[in-house]
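These notes are about the structure you will find just below.
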Amino acid sequence: MSINGTYDPDNIFAKILKGKMPCVKVFEDEYSLAFMDVFPQSRGHVLVIPKKEPARNLLDVSEDTLGHVMNTVQSITRAVNTALNPDGIVVTQFNGAPAGQTVFHLHFHIIPRYENATMKTHASGKMADMDELTALAARINSAL
Ligand code: 5GP
């Protein structure tokens, strides 16, 4: 999928927004949804997505929605820091398959980094334990 194109309303994150696919929710407001990545690159990997616009990537989204979503990204990053006390936090976002994007609904990755722990490969590896993700989501939510 190129950086340019049309939005696929059946992508996995659109299904999560419609309630057709489950997710481990961390936070939700009018504009954004934050949930745990099921293939986490580290303990506490959260995704933040816009709810209101069919934006494939950063180029498609309105300034208004982006502003609200970025506020959520900052809030979640702060909550991850408080709840999990990592040594660093990576915030990433990919535009187009050649850049590494695999799900074509705009999203931001919040990936805690821990000294002496290698970050796992992007969008691969084994699915996380759901009970563990649920417990992490509750800890992050309670730090908001
Ligand atoms: P991208 O490669 O598009 O930047 O990131 C997509 C992310 O979505 C990856 O980190 C991948 O692990 C995650 N992901 C893929 N499918 C699902 C899913 O069904 N549920 C959740 N929660 N995350 C997913």
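So which residues in the stretch 54-77 are touching a residue at least 40 places away in the same chain (Cβ under 8 Å), open to solvent by 10 Å² or more (accessible area, probe 1.4 Å) and not hydroxyl-bearing (Ser, Thr, Tyr)?
Across the stretch 54-77, the qualifying residues are 54, 58, 59, 60, 61.
Does residue 41 fit the bill of being assigned to a loop (DSSP other than H, G, I, E, B) and touching a Ser or Thr at 6+ places or on another chain (Cβ under 9 Å)?
yes
Conditions first: (1) of a type in the set (Phe, Trp, Tyr); (2) touching a helix residue (DSSP H, G or I) at 6+ places or on another chain (Cβ under 8 Å); (3) touching a residue at least 60 places away in the same chain (Cβ under 8 Å). Residue 13 passes all but one, so which condition is the exception?
For residue 13, the exception is condition (2).
Where the second residue is within 14 Å of the ligand (Cβ to nearest atom) and the first is part of a loop (DSSP other than H, G, I, E, B) and lies in the stretch 23-34, which pairs have Cβ atoms under 6 Å and are six or more apart or on separate chains?
Correct list of pairs: 23/16; 23/35; 24/35; 24/36; 24/133; 24/134; 24/137.
Give the residues of the stretch 104-128 that are within 12 Å of the ligand (Cβ to nearest atom) and touching a strand residue (DSSP E or B) at 6+ places or on another chain (Cβ under 9 Å), sorted by residue number.
Residues satisfying the conditions are 105, 106, 107, 108, 109, 110, 111, 119, 122, 128.
Can you name every residue in the stretch 78-103 that is part of a loop (DSSP other than H, G, I, E, B), open to solvent by 50 Å² or more (accessible area, probe 1.4 Å) and more than 12 Å from the ligand (Cβ to nearest atom)?
Listed by number, the residues that qualify are 85, 87.
With 2, 32 as the choices, which residue is touching a Gly at 6+ places or on another chain (Cβ under 6 Å) and among the polar types (S, T, N, Q)?
2
Mind checking whether some residue in the stretch 65-72 is over 13 Å from the mean Cα position of the chain (by Cα), in a helix (DSSP H, G or I) and among the hydroxyl-bearing types (Ser, Thr, Tyr)? Quick ask: steps written out before the conclusion?
As a first pass, look at the stretch 65-72 and keep what is over 13 Å from the mean Cα position of the chain (by Cα): 65-68, 71.
Subset that is in a helix (DSSP H, G or I): 65-68, 71.
With among the hydroxyl-bearing types (Ser, Thr, Tyr) added as a condition, the list becomes 65.
Yes, the stretch 65-72 contains at least one residue that is over 13 Å from the mean Cα position of the chain (by Cα), in a helix (DSSP H, G or I) and among the hydroxyl-bearing types (Ser, Thr, Tyr).
The values are calculated or read from the model by the stated rules, or taken from the named source; none is laboratory data. Everything quoted here is computed from the prediction, not taken from an experiment. Neighbour counts are summed over all protein chains in view; Cβ atoms, including those assigned to glycine, are modelled from backbone coordinates with ideal geometry. We work out accessible area using only protein heavy atoms, side chains counted, and drop any ligands, DNA or RNA first. Shrake-Rupley method; radii C 1.70, N 1.55, O 1.52, S 1.80 Å.
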